[in-house]
1. Of the listed pairs A:K31/A:K148; A:K31/A:K164; A:K31/A:K165; B:K20/B:K164, which have alpha-carbon separations greater than 31 Å here?
2. By Cβ position, which chain A residue lies least far from the axis that rotates chain A onto chain B, and what is the distance to the nearest whole angstrom?
3. For chain A, what is the calculated [θ] at 222 nm in deg cm²/dmol (nearest 500), taking -39500 (n - 2.57) for each run of four or more DSSP H residues and dividing by its residue count?
4. Can you pull the semi-axes for segment B:11-166, root of five times each eigenvalue of the Cα gyration tensor, sorted largest first, whole Å?
5. Considering only protein heavy atoms and a probe of 1.4 Å, how much of the accessible area of segment A:1-146 is carbon and sulfur, as a whole percent?
6. Using a Gaussian network model on chain B with a 10 Å cutoff between Cα atoms, which of B:V66, B:V96, B:V16 fluctuates the most?
7. Averaged per residue, what accessible area in Å² does the protein assembly as shown show with a 1.4 Å probe, protein chains only?
8. May I ask you to report, in nm to one decimal and beginning with the shortest, the distances from B:N57 to the same position in the other copies, taking label points 7 Å along Cα-to-Cβ?
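The values are calculated or read from the model by the stated rules, or taken from the named source; none is laboratory data. As the structure is a computational prediction, the values presented were derived from the model and not from experiment. Glycine gets a Cβ as well: all are built from the backbone with ideal geometry, and neighbour counts include every protein chain shown. Ligands, DNA and RNA are excluded from the accessible area calculation, which covers all protein heavy atoms including side chains. Shrake-Rupley method; radii C 1.70, N 1.55, O 1.52, S 1.80 Å.
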Protein chains: 2
Amino acid sequence: MGFFTKDIKTLNDLFVHTLKDIYYAEQQIAKNLPDMVEKATDPGLKNGFQTHLSETNSQIARLEKVFQMHGVEIQGVDCPAIDGILEEASDVAGDVEDKQVLDAALIAAAQAVEHYEITRYGTLIAWAKMLGRDDCASILQQNLDEEKATDEKLNTMALRSVNKKAA
Amino acid sequence: MGFFTKDIKTLNDLFVHTLKDIYYAEQQIAKNLPDMVEKATDPGLKNGFQTHLSETNSQIARLEKVFQMHGVEIQGVDCPAIDGILEEASDVAGDVEDKQVLDAALIAAAQAVEHYEITRYGTLIAWAKMLGRDDCASILQQNLDEEKATDEKLNTMALRSVNKKAA
């Protein structure tokens, strides 16, 4: 968000604003993932980031569908939270000396991104239902399910292999 | 994090850096919570933020213990992620017209903060164990458990009352 002004008067305004926030966030994530694919050394991790890039593009398409269903213009808004999280992720990707330690750092950065998305989708789904938009909620739920699955996969990769190689 | 330079060579360096990151984050959260207590209208939410402020202070004390146990200087480092998340939270607190809608926005902002902490503590615990510091992991686990419980409480408050009043 980061753009709360007096124009937010109703829960619907808040919902639309937060939809724009996550739309901007997903686009920034899609822009940053190729760099993470490039930097990752562990083949499973590299592949995981690649898969998540395709998923992110599908998630952006689903968000566009929600905008249309809800009758509002497809639009992003600046989101200082994801900018900050990605700034950290990019710092990690840029400059850790040891490749195995870098992989561990990349997973941590990616999980911070996932958790941001998980919390925003959780909120959006709750608000959509409250606004009587179960149809929008059900599409947003698909994105939430994918984000949770990705976080779980990253967790497993970290615990089973990447952290061990880094240690 | 946001401070990844060539001085991060080992998993231990990464662990210590991330400890400094969450230490800074908790301090920023402690500084911001009184404003959220002030802005909240729903008595349960106001009380919840107040309780979380006390918890945050205990969590900071636990982190200081971990620094000491691990033999490193107690120190924070700039963390663009939490700065961005709190910038959003503060925007919310500042300028939504309707009090009930503001409460819904405050809960969403607080949950974004909780999720950032949850992901960082999860990572720190995994790394601490990998480094043979189960003692540090067990203290960090107490913070993680509290953050998860807070997120759950916020969720319940949102679904049971705050969102309904806002809608």
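1. Values: A:K31/A:K148 20 Å; A:K31/A:K164 29 Å; A:K31/A:K165 28 Å; B:K20/B:K164 39 Å.
Long pairs (Cα-Cα over 31 Å): B:K20/B:K164.
2. It is A:G84, 1, counting Cβ atoms only.
3. -27500 deg cm²/dmol
4. Square roots of five times the eigenvalues give 30, 15, 12 Å.
5. Summing carbon and sulfur atoms, their accessible area is 47 percent of the total for segment A:1-146.
6. Largest GNM mean-square fluctuation: B:V96.
7. Working: 12660 Å² over 334 residues.
Ligands and nucleic acids excluded, the result is 38 Å² per residue.
8. Those label-point separations list as 5.2 nm.
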